[in-house]
Amino acid sequence: MIVGDLEKTGRTKEIFLLDEQQQKWTVKEAKKLLQEVQTEPHDIVAYFDGGYEHDTLLAGLGVVIYFKQNNNSYRIRRNSRLQEIESNNEAEYAAFYYLIQVLEELGVHHIPVTFRGDSQVVLNQLAGEWPCFEEEFNRYLDRIEDKMQELGIRPVYEPISRKENEEADQLATQALQGIPIASRKQV
């Protein structure tokens, strides 16, 4: 830490650090926090996609989570299949909510998470950029926002192209085909 070098000069009386939420930390507290963070999932980038079959009202949900923990990088891949889904957009919302549930299982809390997906509707409505007039989608928005607030997740939304979302899309397709996937791998 640069702070350590400043302390060694003897020219400082006290040094405090501010985090992104403007919380004040002593150097000792900041060092302890950094050590604790290493043992918890952090630097999280999470992808989601929902696939939909109009004829069967089935949805396939695919999520991929990249993160660091204990100085290692990991990838989680999961999918799920839901019945009685009304539209492709509902499948996308269901996939995002499923992603939040997987993050909760992973123990993610009180950190920023980058969310990436090819659903402009879901990401822009969650970011507050686009209005949501559909009651069903508003219920999803409320559940998602409540869960993220409960977990202390600070979301960063990044819309991406379908090509960049291939991994989550493949998982959603496999879910529709009845192929369950649940893996955790060091990458």
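The values are calculated or read from the model by the stated rules, or taken from the named source; none is laboratory data. The structure displayed is predicted, hence computed values, not measured ones. All Cβ positions, glycine included, derive from the backbone under ideal geometry; neighbour counts span all protein chains shown.
Taking the conditions exactly as written (among the aliphatic types (A, V, I, L, M), in the same structural domain as residue 46 (by TED's automatic domain parsing) and either touching a Lys or Arg at 6+ places or on another chain (Cβ under 9 Å) or modelled with pLDDT under 95 (or both)), does residue 144 satisfy them or not? Spell out the reasoning first.
Values: among the aliphatic types (A, V, I, L, M): yes; in the same structural domain as residue 46 (by TED's automatic domain parsing): yes; either touching a Lys or Arg at 6+ places or on another chain (Cβ under 9 Å) or modelled with pLDDT under 95 (or both): no.
So residue 144 fails the test.
Can you find a residue that is in contact with a helix residue (DSSP H, G or I) (Cβ under 7 Å, 6 or more places away or on another chain), assigned by TED's automatic domain parsing to the domain that holds residue 151 and more than 15 Å from residue 155 (Cβ to Cβ) anywhere in the stretch 105-117? Checked the stretch 105-117: no residue is in contact with a helix residue (DSSP H, G or I) (Cβ under 7 Å, 6 or more places away or on another chain), assigned by TED's automatic domain parsing to the domain that holds residue 151 and more than 15 Å from residue 155 (Cβ to Cβ).
The strands (runs of 3 or more DSSP E) found wholly in the stretch 11-57 and carrying at least 1 residues that are over 30 Å from residue 93 (Cα atoms) and either of a type in the set (Phe, Trp, Tyr) or at pLDDT below 70 (or both) occupy 16-18, 24-26.
The residue list 66, 52 contains one member that is under 12 Å from the mean Cα position of the chain (by Cα) and hydroxyl-bearing (Ser, Thr, Tyr), which is 66. Annotation: residue 169 fulfils all but one of (1) in a helix (DSSP H, G or I); (2) in contact with a helix residue (DSSP H, G or I) (Cβ under 6 Å, 6 or more places away or on another chain); the unmet one is (2). Being in contact with a strand residue (DSSP E or B) (Cβ under 7 Å, 6 or more places away or on another chain), modelled with pLDDT of 75 or more and exposed (fewer than 12 other Cβ atoms within 10 Å of the Cβ) holds for only one residue in 72, 79, 88, and it is 72.
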